[in-house]
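Quick notes on the structure that follows.
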Amino acid sequence: MALTILSNFDAGLPINNTHDAVSVKKSPPVVLRYVCALLLSFPVVDVTSAASLLTPLPEGPWGLCDMHAVPKPRVPISAAQRKEAPTYLSADYGFAVKDKLAVFSGDALVRRADERLAADTVIYDEAKGTAQAQGDVRYRSDNLEADGDAGYMELEADKGQFENARYRFEEQHARGSAVTIIKENAEVTRLRQSTYTTCNPGSEAWLLRSSTLRLDEGKGVGEVYNATVRFMGVPFFYMPYMTFPINNQRKSGFLIPRLLPSSSSGVSIRIPYYLNLAPDYDATITARYMSLRGLMMEGEFRHLNRTSRGELDVGYMPNDALYGKDRAAAAYKHTGSPAEGWSTDLNLNYVSDKDYFRNFGNSLSVAAAAYAERRFDVTYQRENLTFLGRVQGMQPLDRALPSAARPYRVLPRLQLTAGWPGQEGAPSYRFQSEVVRFEQEDRLNGARLDLQPEISFPWQREAGFVTPKLVLRHTRYLLDNALPGMPESPTRTLPIFNIDSGLFLERDFAWGARPLLQTLEPRLFYLYAPYRDQSALPVFDSAAMDFNFAQLFRDNRFSSVDRVGDANQVSMALTTRLLDSGAERVRASIGQIYYLDDRRVTVPGGVAGTRHTSDIVGEVAASVAQSWTASGDLFWNSNVERIERGSVRIQYQPLRNHILNLAYRYRRDQMDQMDLSLFWPVHRNWSVIGRWYYSIPNNRVLESLAGLEYNSCCWAFTILTRDFTTGASATGANTSNRSVMFQLELKGLASVGQSISTMLERGILGYQGAR
């Protein structure tokens, strides 16, 4: 190990030399170099100004609590790097006691790699690689800072000890005090009679006191003995021993219990236990007791590796006291990439009864679910080739649903798509094919083959494009139990022709003093498909598609394959945009289909189309001001002059988690809803939370949220009341679930109560939970 003596001494003063000691007082650097090299045998590497190398320990307020601050990048230094790094010393005074032992005083500083040890006096022993510090001792390394009355460091072993010390870990935003701090090695620090908090200096909103606290940065775990947690000065938790994470590394152990009062299940308490089974998989076992229903056991198993990831969730309740029988649910999701170009996607679900999600779900969409999907996909993709293999089934949650009303099982579906784009002026080719088998009890079963070769001639310039396309669609069925008079192998073949064209016009435009670019993009789409009688063809998975702006430019008004709509129609649309340095500030579109012939092809129970025009559909999206965004659509029936459908959404979000949302949705004879939501700071650390989701014709609140959140640098508290509709009960009446949730988070230690962030992210558009 090399030692460098640093000085900022004035030149020209004498050296006092004795037989057993050499003192250096205001000595010139050249003389100091000579004395140290001769009497102490220190291999001096360099001498320079101490003022230029001494980095003082930081003072002032703790800035890491700024939510928008960017943390300083850390460059980890290994023990081997520290061992090989030279050691630098600087001081106002210094003298040698004996071979390789020196005493430095007056702003003494020892520096090696990322470590600093400053004190009034430092005794350095090069032979042992130790430094003893006394008086105003300050130590700093990559992440640990400490000051105290006295300190001792073994530089080679990366060990040390400080007495009556205060400390802080910058990366963990943690600080505290201890009678003794023992640095066992580069990663492990032990504190005796210590305190620990993540609050800023001057605040001890929460404080952990312990007889012994051990922090292992390598394992990311803190261990504490005889721990008492105080919140606002009041002790509310004691444990003789516990562990807690100090970074993102995982560790087995009990997690904080969750408490949730609910009108449908009573008071619910969850006690989870986390199992860190291996680096690539883990599990969580949860005992969930509900006062009105009984005990439910829940489990979550996750695995993740380089080529796949998956998650298994299960829940089981024996003899639900309110429901009168066992309840269960399971879900397994897995995605993988077993080889280049190949991917897999597995989604398996099971539910014991139709009311399971209504009783134990936590959202409107889950409560309204009618089926549990079971699906497995295998996909292969190359530059011009895509393959999909799928098996799929749907479990109806209502076991009383007859087989004839249940969706078909897909056993299997094989799709192959290939494309050959042409060079400029040359045709492009595309081929789509599908073979699929449909099965369901008490229904017509069979297989279906669909082939679609197509050719197009794209022509595009900066000012516009024209693309004519011709498709030949052939479909054949093989039916197992065809009804009398129905062919066992019906077919359908028809051509489909369309021409898509558009222009791109632009001009300079000014919005006040802001220069913008306005575009005008007219689009014309012609579609022709001859009528074919398809009444003899089964309907396995086709339905009439919901009309929207994109439907103006599709070549089939039905989903899937069983029905291909006859068409002789022209779609006209116009889009305009306002661009600000490439960013889209406003986009507005309007369009309509003009039918040249009636539409005769329908699905069973459908009605032929006789209107000469479709609804006029309009869309708009705007971000005129930095904090305001708005979007909406409108469907106007010009035949009867009325609105068929529409929606509008306005959001004001000047800063992160300063959110105000207003939405309205309307569909004639089906939906008329208002949705207001907000998350808004009202005073310093306080924020209000609210949502009001209301059905106007039913005069019913579908979901409501109301709450308060206090969020500071080191702790946060949220209380929330929630009421949401869970759907119709067995008697046909709408039921609701009311609950009161709270969460107290001691940042850097643990949280108590119900996890609320996920619910707010789902219910308040724009909310971000990680704060």
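The values are calculated or read from the model by the stated rules, or taken from the named source; none is laboratory data. Computed from a predicted model, the values in this text were never measured in an experiment. Here Cβ is always computed from backbone atoms with ideal geometry, including for glycine, and neighbour counts include all displayed protein chains. To get the accessible areas, we keep the full protein, side chains included, count just its heavy atoms, and leave off ligands, DNA and RNA. Shrake-Rupley method; radii C 1.70, N 1.55, O 1.52, S 1.80 Å.
Go through (1) more than 24 Å from residue 528 (Cα to Cα); (2) more than 40 Å from the chain's Cα centre (by Cα); (3) open to solvent by less than 20 Å² (accessible area, probe 1.4 Å) and name the single condition residue 498 misses.
(1)
If residue 289 meets every condition in (1) modelled with pLDDT of 85 or more; (2) open to solvent by less than 60 Å² (accessible area, probe 1.4 Å); (3) not hydrophobic (A, V, I, L, M, F, W, C) apart from one, which number is that one?
Looking at each condition in turn, residue 289 falls short on (2).
Given the structure, is residue 484 modelled with pLDDT under 95 and farther than 22 Å from residue 619 by Cβ?
So residue 484 passes the test.
Of the residues 516, 527, 537, which single one is open to solvent by less than 30 Å² (accessible area, probe 1.4 Å) and under 39 Å from the mean Cα position of the chain (by Cα)?
Every option except 516 fails the conditions.
Taking segment 467-489, which residues are among the small types (Gly, Ala, Ser) and either surrounded by 13 or more Cβ atoms within 10 Å (Cβ to Cβ) or touching a residue at least 60 places away in the same chain (Cβ under 8 Å) (or both)?
Scanning segment 467-489 gives a single hit, 482.
Can you name the residue in segment 543-557 that is in a loop (DSSP other than H, G, I, E, B) and of a type in the set (A, V, I, L, M, F, W, C) and, of all such residues, is nearest to residue 520 (Cα to Cα)? Give the derivation first.
Of all residues in segment 543-557, those in a loop (DSSP other than H, G, I, E, B) come to 543, 545-548, 554-557.
So of that shortlist, the ones also of a type in the set (A, V, I, L, M, F, W, C) come out as 543, 545, 547.
Working: 543: 35, 545: 29, 547: 24 Å.
Among those residues, the one meeting the criterion is 547.
Out of curiosity, is residue 139 open to solvent by 30 Å² or more (accessible area, probe 1.4 Å), at pLDDT below 85 and at negative phi? Explain how you work it out, then say what you get.
Numbers: open to solvent by 30 Å² or more (accessible area, probe 1.4 Å): no; at pLDDT below 85: yes; at negative phi: yes.
No; evaluated as a whole, the condition is false for this residue.
With (1) under 30 Å from residue 401 (Cβ atoms); (2) open to solvent by less than 40 Å² (accessible area, probe 1.4 Å) as the list, and residue 441 as the residue in question, which single condition is left unmet?
(2)
Considering only segment 558-590, how many residues are assigned to a loop (DSSP other than H, G, I, E, B) and either within 26 Å of residue 440 (Cα to Cα) or not charged (D, E, K, R) (or both)?
Keep residues of segment 558-590 that are assigned to a loop (DSSP other than H, G, I, E, B), which gives 559-566, 581-582.
Now restrict to residues that are either within 26 Å of residue 440 (Cα to Cα) or not charged (D, E, K, R) (or both): 559-565, 581-582.
Counting residues in segment 558-590 that are assigned to a loop (DSSP other than H, G, I, E, B) and either within 26 Å of residue 440 (Cα to Cα) or not charged (D, E, K, R) (or both) gives 9.
Have a look at 170, 204 and point out the one that is under 26 Å from residue 252 (Cα atoms) and either modelled with pLDDT of 90 or more or out of contact with any Lys or Arg (no Cβ under 7 Å at 6 or more places or on another chain) (or both).
Of 170, 204, the one residue that is under 26 Å from residue 252 (Cα atoms) and either modelled with pLDDT of 90 or more or out of contact with any Lys or Arg (no Cβ under 7 Å at 6 or more places or on another chain) (or both) is 170.
If the requirement is being among the hydroxyl-bearing types (Ser, Thr, Tyr) and more than 20 Å from residue 550 (Cα to Cα), which of these qualifies: 623, 647?
623 is the lone residue from the list that is among the hydroxyl-bearing types (Ser, Thr, Tyr) and more than 20 Å from residue 550 (Cα to Cα).
Kindly indicate whether residue 464 is surrounded by 17 or more Cβ atoms within 10 Å (Cβ to Cβ), over 27 Å from residue 609 (Cα atoms), touching a residue at least 24 places away in the same chain (Cβ under 8 Å) and among the small types (Gly, Ala, Ser).
For residue 464, the condition - surrounded by 17 or more Cβ atoms within 10 Å (Cβ to Cβ), over 27 Å from residue 609 (Cα atoms), touching a residue at least 24 places away in the same chain (Cβ under 8 Å) and among the small types (Gly, Ala, Ser) - is not met.
Assess whether residue 387 counts as being open to solvent by 40 Å² or more (accessible area, probe 1.4 Å), in contact with a strand residue (DSSP E or B) (Cβ under 8 Å, 6 or more places away or on another chain) and hydrophobic (A, V, I, L, M, F, W, C).
Taking the combined requirement at face value, the residue satisfies it.
Criterion first (open to solvent by 10 Å² or more (accessible area, probe 1.4 Å), of a type outside the set (D, E, K, R) and at pLDDT 85 or above) does residue 157 satisfy it?
no
So how many residues does segment 99-122 have that are over 16 Å from residue 183 (Cβ atoms), open to solvent by 30 Å² or more (accessible area, probe 1.4 Å) and out of contact with any Phe, Trp or Tyr (no Cβ under 8 Å at 6 or more places or on another chain)?
Within segment 99-122, residues that are over 16 Å from residue 183 (Cβ atoms), open to solvent by 30 Å² or more (accessible area, probe 1.4 Å) and out of contact with any Phe, Trp or Tyr (no Cβ under 8 Å at 6 or more places or on another chain) number 3.
From the list 600, 645, which residue is crowded, with 17+ Cβ neighbours inside 10 Å and basic (Lys, Arg)?
Exactly one residue qualifies, and that residue is 645.
Give 210, 194, 252, 177 a once-over and let me know the one that is loosely packed, with under 14 Cβ neighbours inside 10 Å and of a type in the set (Ser, Thr, Tyr).
Numbers: 210 fails: loosely packed, with under 14 Cβ neighbours inside 10 Å; 194 fails: loosely packed, with under 14 Cβ neighbours inside 10 Å; 177 fails: loosely packed, with under 14 Cβ neighbours inside 10 Å.
None of the others qualify; the one that does is 252.
Can you name the number of the only condition in (1) within 26 Å of residue 557 (Cα to Cα); (2) under 42 Å from the mean Cα position of the chain (by Cα); (3) crowded, with 17+ Cβ neighbours inside 10 Å that residue 637 fails?
Against the list (1) within 26 Å of residue 557 (Cα to Cα); (2) under 42 Å from the mean Cα position of the chain (by Cα); (3) crowded, with 17+ Cβ neighbours inside 10 Å, residue 637 comes up short only on (3).
List pairs: first in segment 310-339 and open to solvent by less than 60 Å² (accessible area, probe 1.4 Å), second assigned to a loop (DSSP other than H, G, I, E, B) and of a type in the set (Asp, Glu), Cβ under 9 Å, 6+ apart or cross-chain?
Close Cβ pairs satisfying both conditions: 317/326; 320/326; 327/320; 327/353; 327/355; 328/353.
Return only the number of the condition from (1) in a strand (DSSP E or B); (2) within 27 Å of residue 331 (Cβ to Cβ); (3) open to solvent by 70 Å² or more (accessible area, probe 1.4 Å); (4) not polar (S, T, N, Q) that residue 429 does not satisfy.
(2)
For every residue, the table says whether it meets (1) at pLDDT below 85; (2) open to solvent by 40 Å² or more (accessible area, probe 1.4 Å); (3) of a type in the set (Asp, Glu).
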| position | (1), (2), (3) |
| --- | --- |
| 720 | no, no, no |
| 732 | yes, yes, no |
| 737 | yes, no, no |
| 755 | yes, yes, no |
| 759 | yes, no, no |
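Enumerate the pairs (first residue in segment 233-261 and more than 22 Å from residue 203 (Cα to Cα); second residue anywhere and charged (D, E, K, R)) with beta-carbon separation below 6 Å, excluding pairs fewer than 6 apart on the same chain, so at least 6 apart or on different chains.
Qualifying pairs under 6 Å: 243/223; 258/270.
If I ask for residues that are among the small types (Gly, Ala, Ser), out of contact with any Phe, Trp or Tyr (no Cβ under 6 Å at 6 or more places or on another chain) and over 23 Å from residue 715 (Cβ atoms), which ones from segment 198-219 would you list?
The answer is 218, and nothing else.
Count, please, the residues in segment 402-426 that happen to be in a loop (DSSP other than H, G, I, E, B) and surrounded by 15 or more Cβ atoms within 10 Å (Cβ to Cβ).
Qualifying residue count for the region: 3.
Does residue 398 qualify as being in a loop (DSSP other than H, G, I, E, B), among the acidic types (Asp, Glu) and in contact with a Ser or Thr (Cβ under 6 Å, 6 or more places away or on another chain)?
no
Any chance segment 636-654 includes a residue that's of a type outside the set (Ser, Thr, Tyr), in contact (Cβ under 8 Å) with a residue 60 or more places away in the chain and out of contact with any Phe, Trp or Tyr (no Cβ under 9 Å at 6 or more places or on another chain)?
no
Within segment 501-513, how many residues are open to solvent by 20 Å² or more (accessible area, probe 1.4 Å) and assigned to a strand (DSSP E or B)?
Going through segment 501-513 one residue at a time, the tally reaches 9.
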